[in-house]
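The values are calculated or read from the model by the stated rules, or taken from the named source; none is laboratory data. Source: prediction; values computed, not measured. Virtual Cβ from ideal backbone geometry, glycine too; neighbours counted across all protein chains shown. Only protein heavy atoms, including side chains, enter the accessible area calculation; ligands, DNA and RNA are left aside. Shrake-Rupley method; radii C 1.70, N 1.55, O 1.52, S 1.80 Å.
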Amino acid sequence: ALALMLPFVGATLWRQLQAMCAEWKQLLVLGALGMWICGAFVYIGGQTTSSANIALIYAATPIAVAVVGAVLLGERMATPQIAGVALALAGVLFVIAKGDPRNLLAVRFTVGDGWVLAAGLSWTAYSVLLRQWPSRLGTAERLVAITAGGILVLLPFTALEWALVEQPPFSWHAAGLVLAAAVLPGIVAYQAYSFMLRELGAGKTALVLYLGPVYAAFNAWWLLGEPPAWYHGAGAALILPSIWVATRTR
């Protein structure tokens, strides 16, 4: 992601070198929270837990961001916004439960859920701190600097894994997946999230995470040939209007 973004903003970032040096501690913390913990921990947790558990844990993240944002940033949520959060959460749980609440009661937690929980808490901290800490850098330049900070934190762990774990052989398929991961979550998603944080605040922006089950259903249909079920439509009918209600201006 850094290699792809640097040619476009490198010159501007160089002119803002003094600002970046003044903010280096914040950039390093944001890189550790957003690129290291939120990145690697989910993959580690996914080895021993299910996608349903991951979705359940992350479903609580927007609420945590809204609460912390209200306490630390003074972002008050009006009654329609609170109602929108509740409806969106209900829609997410409905999709995860596949329309049957008994499926939620059957969920069993594993050690991998601890890794995912740490990632969810880290994303909450990342969202709030990104909003709380002022920056003289532009949105794109700040994201590049945060990504560089994440690389510095990841570097010793990457070296350790390279030394201790047998590396898989190179393949173009794997290279394509790495490129897709760099472009979609690594650049597009983080850039959009940073922009929305600046414009909407932490609480409202976190609500977009509720769109995950809706997007996942359509992507599974498009990429994996798994047609959406009725509960996906019911969940979307709760999630989409609730996000509009919670984020609309007066």
Report task. Find all pairs meeting these conditions: Cβ atoms under 9 angstrom apart; at least six residues apart or on different chains; first residue within the range 145-162 and over 15 Å from Ala3 (Cα atoms); second residue open to solvent by less than 10 Å² (accessible area, probe 1.4 Å) and in a helix (DSSP H, G or I). Result -> Val153/Gly31; Leu154/Gly31
Query raised in the report: Any idea how many residues of the range 194-207 are in a helix (DSSP H, G or I), more than 14 Å from Ala125 (Cβ to Cβ) and open to solvent by less than 10 Å² (accessible area, probe 1.4 Å)?
Result: 3
Report task. Provide a single number: the residues in the range 222-250 that are surrounded by 11 or more Cβ atoms within 10 Å (Cβ to Cβ) and farther than 18 Å from Val92 by Cα. Result -> 2
**Report entry** Filter result for Pro227 (without any contact (Cβ under 8 Å) to a residue 24 or more places away in the chain and either outside any helix (DSSP H, G or I) or more than 18 Å from Gly31 (Cα to Cα) (or both))
**Finding:** yes
Query raised in the report: Can you name the residue in the range 163-192 that is open to solvent by less than 50 Å² (accessible area, probe 1.4 Å) and in contact (Cβ under 8 Å) with a residue 40 or more places away in the chain and, of all such residues, is nearest to Gln81 (Cα to Cα)?
Result: Tyr190
**Report entry** Sole residue being surrounded by fewer than 14 Cβ atoms within 10 Å (Cβ to Cβ) and within 22 Å of the chain's Cα centre (by Cα), chosen from Ala11, Ala32, Ala40, Ala3
**Finding:** Ala3
Query - Looking only at the range 185-195, and only at residues there that are within 22 Å of Trp36 (Cβ to Cβ) and touching a helix residue (DSSP H, G or I) at 6+ places or on another chain (Cβ under 8 Å), the one that is modelled with the highest pLDDT - result: Ile187
Requested in this report: Return yes when Ala106 is among the hydrophobic types (A, V, I, L, M, F, W, C) and either modelled with pLDDT of 90 or more or closer than 13 Å to Gly34 by Cβ (or both) and no when it is not.
Outcome: no
Query raised in the report: Is there a residue in the range 47-54 that is outside any helix (DSSP H, G or I), touching a Phe, Trp or Tyr at 6+ places or on another chain (Cβ under 7 Å), open to solvent by 40 Å² or more (accessible area, probe 1.4 Å) and over 19 Å from Ser135 (Cβ atoms)?
Result: no
Query - the range 48-67 residues that are in contact (Cβ under 8 Å) with a residue 24 or more places away in the chain, paired with ones that are open to solvent by 20 Å² or more (accessible area, probe 1.4 Å) and of a type in the set (S, T, N, Q) (beta carbon under 7 Å, 6 or more apart) - result: Thr48/Thr110; Thr49/Thr110
Query raised in the report: Looking at (1) among the hydroxyl-bearing types (Ser, Thr, Tyr); (2) touching a helix residue (DSSP H, G or I) at 6+ places or on another chain (Cβ under 7 Å); (3) surrounded by fewer than 14 Cβ atoms within 10 Å (Cβ to Cβ), which is the only condition Tyr210 fails?
Result: (3)
Query raised in the report: In this structure, is Ala217 in contact (Cβ under 8 Å) with a residue 60 or more places away in the chain, in a helix (DSSP H, G or I) and of a type in the set (A, V, I, L, M, F, W, C)?
Result: yes
Query raised in the report: Looking at (1) hydrophobic (A, V, I, L, M, F, W, C); (2) over 28 Å from Val188 (Cβ atoms); (3) surrounded by fewer than 17 Cβ atoms within 10 Å (Cβ to Cβ), can you tell me which one Leu17 breaks?
Result: (2)
